[in-house]
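Data first, discussion second: the structure below is written as structure tokens.
The values are calculated or read from the model by the stated rules, or taken from the named source; none is laboratory data. The model shown is predicted, which means the values in this text are computed figures rather than measured ones. When we count neighbours, we look across all protein chains shown, and the Cβ atoms used for this are built from the backbone with ideal geometry, even at glycine. SASA here: full protein model, heavy atoms, side chains in, ligands and nucleic acids out. Shrake-Rupley method; radii C 1.70, N 1.55, O 1.52, S 1.80 Å.
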Amino acid sequence: MLQQILQALANAPNFLLVVLGFSLIIVVHELGHFLAARWAGIRVLAFAVGFGPAMVSYRKGLGWRRGSSEAEYKKLLNTVAAGATTIERDRLTPYAHVSPTEYRLNALPFGGYVKMLGQDDSDATIRSDAPDGYQACKVWKRMVVISAGVVMNILLAGFLFVIVFMAGLKVEAPRVGYVDPDFPAAAAVAVNAKQLGVTEPGLKPGDFVQRIDNAAPANFNDLFLASAMAGPGKSVRLQIQRDGVAEPLIFDITPKRDDVTKMLQLGIGPAASATLMSPADPEQLAAFKKLLARAGAPDVPPGATLVRIADDTRVTSAYELMDAARASAGAPVPVEFEWRESGTDPASPARRATGQMLPQRELDSALFRTDATNPPARIAHILGLMPVMSVAGVTSTAEAAGLRAGDIFAQIGAVEWPSLAEGIAEIRRNKGSKIRVVVVRKDEVGAETEVTLENVPVNRKGQIGFTPDDTAQTDIRVTAWPAAQLADADPAKKPSTSEPSSVPLVRREPAAIDLNLLRGSRITKVGDRAVTDFDELAAALIDTTRAAFESDQPIASVPLTVVLPTLASSGAPSEQSLTWSIPRSELQHLHSLGWLSSISPAWFESEMFVQQAKNPIQAVRMGVEQTHSVMMSTYITFARLFQGTVKVEHLKGPVGIADVGTKVASKGYIWLLFFLALISVNLAVVNFLPIPIADGGHFLFLLYEQITGKPVSVAVQNVAAIAGLALVVGMFLLVTYNDIANLIGY
């Protein structure tokens with residue numbers, strides 16, 4: 001709790017900057033209305049910054065006042081209207097040119113408004129017959145006045161974008177990094193693959209995206225937007241530059257709905273650089289250091305840059321570690337990192353540290369769906385032996401419930417010793433309620449204790465607040481092979497990218513099925529060789545069956561020592577010896593498994609580049625292009641809302657905008673200006689939608705008046721205003737509820 005409070009205090013200045021920036025955007029919007037009204041000859045009664053009572057005001061002819069000068073001004077008008085005496089007229093002479101416009105700074109200086117004579121957005125009955133009233137102004141001039149706020153927001157956004165691109169914005173490169181095997185990008189076949197001699201399907205790490213639907217991407221986020229905003233059943237065309245391929249590859253990929261985010265996705269992530277991440281959170285930083293030590297680089301600090309792998313001094317990305325692991329045959333791979341301490345002279349020599357990357361045996365994987373209500377999950381296994389679900393990291397919510405990083409789940413709800421897929425599915429089945437959890441917790445020397453947590457809260461998204469993992473790298477417990485496996489899970493096949501609901505379910509019978517092991521059993525020995533995790537288990541099985549595999553024996557007999565599981569109430573565990581008969585088909589797959597890097601590419605920062613204009617003219621062009629792009633994306637978002645590919649839960653309200661803005665502001669002032677420019681464009685688009693209470697709705701009424709020669713009736717305007725207000729308030733409450741629910745993890 002103390003850490004959360006300190007974090008909130010640390011973010012307070014950024015939050016204040018975002019709020020003030022958002023207020024500035026609204027004030028600029030109102031300034032557009034004000035300037036246009038003055039140009040059109042409409043009397044402006046007030047131009048206010050903020051809401052609530054006036055703290056300070058200024059009126060030409062009266063000067064500065066504490067509070068509002070409106071009562072004083074009305075008194076002067078009433079005195080003149082009643083017929084003043086000569087003496088009184090002499091006294092009033094200095095005020096003959098008192099301005100009708102009051103400039104106010106209100107108590108809540110967030111946003112602002114303009115008050116014109118005879119015009120009120122929420123009440124069409126407020127009218128004026130004065131020659132400088134709103135109704136007396138020509139219709140086309142009123143259309144200019146109504147549109148001016150939106151125009152000012154667009155101009156402001158363009159101006160901010162120009163500043164941003166002159167300074168330079170550090171963004172993720174449009175290069176492919178991670179490719180999810182269960183999404184369309186993994187199985188897509190290039191239109192010109194045969195012509196260019198490309199035989200393997202799918203996008204690959206390192207692919208550079210030259211064009212998205214015939215437009216050059218500015219950064220990786222354009223890929224995300226292109227997939228999320230694709231129409232139902234519509235494909236996204238990508239032009240890909242790939243090393244070793246003579247010409248660009250052309251892919252037409254239809255995005256698939258992600259069951260977790262509920263958005264259309266291609267299934268790719270940004271490319272990784274050669275620089276390790278450096279988490280700001282102290283707990284995450286400590287956990288990351290432990291991961292590095294376990295992977296063979298205990299002296300390498302977070303934030304260091306990989307500069308050498310074995311004898312290769314031309315390292316450019318973390319993916320080269322994967323190539324080195326595959327070629328290692330399991331032998332440790334020397335790696336070297338360099339870094340500079342914070343505050344040191346950039347010209348001074350960098351510090352260096354070496355390590356031994358310890359390759360991990362590649363495990364098999366299968367795609368499972370435990371029931372029709374949960375998305376499928378891909379799980380690692382060895383010939384059907386599957387690790388148990390565990391806890392990689394915890395949030396404050398999960399920690400308050402009693403969970404700790406490293407916990408192994410002995411029971412979740414009704415499922416004992418769950419696999420990753422089963423555990424997640426069981427938690428989701430209990431969303432919005434509480435669930436019983438039993439975990440096995442190890443101390444520093446490896447001694448185990450069982451901890452029972454009776455009422456662990458599950459939020460409405462089906463989450464407890466921990467990062468799920470399995471015990472493949474930390475423990476040797478195994479769980480049962482689930483009954484429902486998707487048909488594409490044969491290890492010899494590429495994963496299917498069909499919608500999970502359309503994939504038939506089958507029951508594959510891997511070799512481990514014949515063992516009939518109880519859930520939670522521990523395989524402690526393969527022959528006389530002790531094993532403590534799945535890496536060691538795979539290595540022991542390969543070594544033990546090598547003679548049988550090389551001599552083409554139809555079956556290999558492998559002796560195992562197994563410790564049966566126990567919960568606290570069932571007594572001491574018992575040990576037994578088994579003989580595992582592994583058929584030839586499974587042996588072939590076992591011996592085809594390769595090696596993976598223990599230093600994951602996911603531990604590295606994304607590949608970045610600076611998006612910067614070469615001169616002011618190019619900055620203006622980039623600003624105009626970015627403004628137009630954001631406007632079109634916003635309009636497409638509303639179209640996709642009606643089509644159902646974008647959900648209301650994906651929209652951000654004021655709370656969500658403030659939260660995102662605070663995080664963006666922490667990246668620096670340039671990112672804050674970029675964020676405010678995005679908000680300014682979005683405000684312009686949303687405010688000009690044909691909603692009665694918004695500027696777009698008023699513009700439609702004026703367009704009707706211009707065409708027909710008569711205004712929309714007051715009754716119709718009031719009914720439309722009430723309906724528009726109800727829509728806006730309802731949407732505001734809904735997105736605010738979603739924002740708060742997401743923030744608190746409910």
### Subset of the range 20-45 (residues that are assigned to a strand (DSSP E or B) and crowded, with 20+ Cβ neighbours inside 10 Å)
V44
### Query
Do the conditions hold for Y113, that is, is it in contact (Cβ under 8 Å) with a residue 60 or more places away in the chain, farther than 25 Å from T316 by Cβ and among the hydroxyl-bearing types (S, T, Y)?
yes
### Query
Among the residues of the range 257-264, is any touching a residue at least 40 places away in the same chain (Cβ under 8 Å) and not in a loop (DSSP other than H, G, I, E, B)?
yes
### Query
Only one residue in R257, R294 is within 30 Å of F368 (Cβ to Cβ) and more than 23 Å from the chain's Cα centre (by Cα), so which one is that?
R294
### Message
Looking at the range 137-154 only, could you name the residues that are of a type in the set (K, R) and either under 38 Å from the mean Cα position of the chain (by Cα) or surrounded by 21 or more Cβ atoms within 10 Å (Cβ to Cβ) (or both)?
### Response
R142
### Message
Please verify whether S69 is at pLDDT 75 or above, farther than 30 Å from A280 by Cα, open to solvent by less than 30 Å² (accessible area, probe 1.4 Å) and among the small types (G, A, S), treating the condition exactly as stated.
### Response
yes
### Message
Being of a type outside the set (D, E, K, R) and over 48 Å from the mean Cα position of the chain (by Cα) is the filter here; which residues of the range 123-136 pass it?
### Response
S128, A130, P131, G133, A136
### Task
Identify the single condition in (1) farther than 24 Å from T532 by Cα; (2) at pLDDT 85 or above that H591 does not satisfy, given that it satisfies every other one.
(1)
### Message
Please verify whether I408 is at pLDDT 90 or above and under 21 Å from A377 (Cα atoms), treating the condition exactly as stated.
### Response
yes
### Query
Hey, among the residues in the range 394-415 that are part of a strand (DSSP E or B) and open to solvent by less than 20 Å² (accessible area, probe 1.4 Å), which one's nearest to R436 (Cα to Cα)?
I412
### Query
Which condition number in (1) over 24 Å from V388 (Cβ atoms); (2) open to solvent by 40 Å² or more (accessible area, probe 1.4 Å); (3) modelled with pLDDT of 90 or more; (4) not aliphatic (A, V, I, L, M) is the one that T545 fails?
(2)
### Query
Tell me, which strands (runs of 3 or more DSSP E) lie completely within the range 137-231 with 1 or more residues that are more than 23 Å from Q241 (Cα to Cα)?
169-172
### Query
Got a sec? Which of N192, N219, N214 is open to solvent by less than 50 Å² (accessible area, probe 1.4 Å) and either free of Cβ contacts under 8 Å to residues at least 24 places away in the same chain or more than 17 Å from the chain's Cα centre (by Cα) (or both)?
N192
### Task
Tell me which residues, restricted to the range 662-692, are part of a loop (DSSP other than H, G, I, E, B) and surrounded by fewer than 20 Cβ atoms within 10 Å (Cβ to Cβ).
S666, K667, G668, L689, P690
### Task
Return the total of residues in the range 609-630 being in contact (Cβ under 8 Å) with a residue 60 or more places away in the chain and either part of a loop (DSSP other than H, G, I, E, B) or surrounded by 17 or more Cβ atoms within 10 Å (Cβ to Cβ) (or both).
10
### Query
Which of the residues belonging to the range 525-542 are acidic (D, E) and closer than 19 Å to M389 by Cα?
D533, D535, E536
### Task
Test V191 against the stated conditions and say whether it is under 30 Å from I26 (Cα atoms), in contact with an Asp or Glu (Cβ under 8 Å, 6 or more places away or on another chain) and among the β-branched types (V, I, T).
no
### Summary
P418 meets each of (1) open to solvent by 20 Å² or more (accessible area, probe 1.4 Å); (2) assigned to a loop (DSSP other than H, G, I, E, B) with one exception, condition (1)
### Unique residue being in contact (Cβ under 8 Å) with a residue 40 or more places away in the chain, of a type outside the set (S, T, N, Q), within 26 Å of A602 (Cα to Cα) and out of contact with any helix residue (DSSP H, G or I) (no Cβ under 7 Å at 6 or more places or on another chain) when the list is A228, A272
A228
### Task
Hey, could you check the range 429-485 for residues that are among the acidic types (D, E) and modelled with pLDDT under 85 and say which is nearest to M389 (Cα to Cα)?
D443
### Message
Among the residues in the range 314-326, are any modelled with pLDDT of 90 or more, under 21 Å from Q360 (Cβ atoms) and either in a strand (DSSP E or B) or open to solvent by 80 Å² or more (accessible area, probe 1.4 Å) (or both)?
### Response
no
## Note on the structure
Checked the range 448-481 for anything open to solvent by 20 Å² or more (accessible area, probe 1.4 Å), over 21 Å from K431 (Cα atoms) and assigned to a strand (DSSP E or B); matches are E448, T449, E450, V451, D470
### Query
Does the range 518-530 include one or more residues that are loosely packed, with under 13 Cβ neighbours inside 10 Å, farther than 30 Å from L266 by Cβ and modelled with pLDDT under 90?
no
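Yes/no per residue for (1) at positive phi; (2) more than 41 Å from the chain's Cα centre (by Cα); (3) of a type outside the set (A, V, I, L, M):
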site	(1), (2), (3)
T532	no, no, yes
E536	no, no, yes
T544	no, yes, yes
A547	no, yes, no
E550	no, yes, yes
A556	no, yes, no
L560	no, yes, no
P565	no, no, yes
### Query
Which residue, of A380, A366, is surrounded by fewer than 21 Cβ atoms within 10 Å (Cβ to Cβ) and not in a loop (DSSP other than H, G, I, E, B)?
A380
### Message
Here's a check for you: in the range 232-244, which residue that is farther than 17 Å from M263 by Cβ and assigned to a loop (DSSP other than H, G, I, E, B) is most open to solvent (accessible area, probe 1.4 Å)?
### Response
D243
### Query
Looking at A107, A167, which is the one that is among the small types (G, A, S), within 30 Å of F208 (Cα to Cα) and surrounded by fewer than 17 Cβ atoms within 10 Å (Cβ to Cβ)?
A167
## Note on the structure
Log entry, pairs with first residue in the range 407-427 being over 16 Å from G465 (Cα atoms), second being outside any helix (DSSP H, G or I) and among the basic types (K, R), beta carbons closer than 6 Å, six or more apart or on different chains, reads E416/R519; W417/R519
